[in-house]
Amino acid sequence: MGFCREKSDLHVSRAALHQWEEPCISGTNGSGTVFFSGCNMGCVFCQNRAISRGQVGKYITVDRLVDIFFELEDKGANNINLVTGDMFVPTIRVAIEKARNRGIKIPFLFNTSSYLELETVKSLDGLIDIYLPDFKYIREEDAVRFSKAHGYVDAAKRAIDEMVRQCPVCEFEPEKCLELSTDKGTKKDTADGLDIMKKGVVVRHLLMPGMLIQAKMIVRYLYERYGDGIFISLMNQYTPNGELSEYPEIDRRVSDRDYVSLIDYAAQIGVVNGFMQVGETAKESFIPEFDCFGV
């Protein structure tokens, strides 16, 4: 096993519709998330530590993964959302190719920390329709202290550059809503009438306590480099996990004042294509049950 605590065998902890991604990804029907176990980073604040440390999950074959893709499509998923599949890219490529050969119609989305070798991202060219990368840090010392990720900043910049090269334009189409069965027959659920992303890049940044300046630096870097060619998703859902006694500087939630300041800053420098979170997002309820459902 490597640092990620995984071998080459596919290790999956959940496969289900997920409503809590950005609106253009989840829509009304939901995003067809496949949560892979293990992680190539060591974030001390990880919310999904049960799976990131490889403690939960089921080993499956490539053919079973392909079947899962079609099961999610049959449930009305807007996309196949591959969550933290970084360690399994060679096998995931085979699964996507098999699914495409069998006629799957919905886009494939790669949901990643961006701590990737450039060649790994290049190997996904033509297979991934939507990239959903994190840009966690722009200060190397923070990447090392809080995520044990040496070289994160340069790796993430190169990886996101390649993702944008592959998907330089964000494309959308109206959501095909699920047909709902009622006692009066079958009807289309057209709630919200959302536009769903079919191609493009959405870069996420999770604001952390005491790191407002770094967050603003990240927003400026992304906007100056990519302009309106990407969407920037600014998140305030950071939640201490109860294991941060050695990291007191991040053992608290983000203040509303800091988050509003970040949103205002993004607007001031011209960011239009973006997402922000509202309401009480820093809750454990946003974390799904990793019980091998759908696997």
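Tabulated data
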quantity: Hits in segment 1-25 - residues which are under 23 Å from I106 (Cα atoms), polar (S, T, N, Q) and in a loop (DSSP other than H, G, I, E, B); calculated: Q19
quantity: Residue in segment 117-146 that is farthest from K105 (Cα to Cα), counting only those that are out of contact with any strand residue (DSSP E or B) (no Cβ under 8 Å at 6 or more places or on another chain) and not in a helix (DSSP H, G or I); calculated: R139
quantity: Residue among V62, V44 that is β-branched (V, I, T), within 22 Å of Y238 (Cβ to Cβ) and touching a Leu at 6+ places or on another chain (Cβ under 9 Å); calculated: V44
quantity: Qualifying residue in segment 80-87 (condition: farther than 18 Å from I130 by Cα and either free of Cβ contacts under 8 Å to residues at least 40 places away in the same chain or in contact with a Pro (Cβ under 7 Å, 6 or more places away or on another chain) (or both)); calculated: no
quantity: In segment 98-116, the residues that are loosely packed, with under 14 Cβ neighbours inside 10 Å and either in a loop (DSSP other than H, G, I, E, B) or in contact (Cβ under 8 Å) with a residue 12 or more places away in the chain (or both); calculated: R102, G103, K105
quantity: Segment 106-138, residues that are farther than 15 Å from G200 by Cα and not small (G, A, S); calculated: Y115, L116, E117, L118, E119, T120, K122, F135, K136, Y137, I138
quantity: Flag if L207 is closer than 26 Å to I130 by Cα, in contact with a strand residue (DSSP E or B) (Cβ under 8 Å, 6 or more places away or on another chain), modelled with pLDDT of 95 or more and surrounded by 13 or more Cβ atoms within 10 Å (Cβ to Cβ); calculated: yes
quantity: Condition check for I263: at pLDDT 95 or above, within 19 Å of E171 (Cβ to Cβ) and surrounded by 15 or more Cβ atoms within 10 Å (Cβ to Cβ); calculated: no
quantity: Yes/no for S123 being surrounded by fewer than 23 Cβ atoms within 10 Å (Cβ to Cβ), of a type in the set (S, T, Y), within 30 Å of P209 (Cα to Cα) and at pLDDT 95 or above; calculated: no
quantity: Of all residues making up segment 147-168, the number that are touching a helix residue (DSSP H, G or I) at 6+ places or on another chain (Cβ under 7 Å) and either in contact (Cβ under 8 Å) with a residue 60 or more places away in the chain or in a helix (DSSP H, G or I) (or both); calculated: 9
quantity: Residue count, segment 168-203 (criterion: modelled with pLDDT of 95 or more and crowded, with 21+ Cβ neighbours inside 10 Å); calculated: 6
quantity: Members of segment 236-262 found to be in a loop (DSSP other than H, G, I, E, B), over 14 Å from C46 (Cα atoms) and not small (G, A, S), listed by number; calculated: N236, E246, V254
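The values are calculated or read from the model by the stated rules, or taken from the named source; none is laboratory data. Not measured: the values here are computed from a predicted model. All Cβ positions, even for glycine, are placed from backbone atoms using ideal geometry, and neighbour counts span all protein chains on display.
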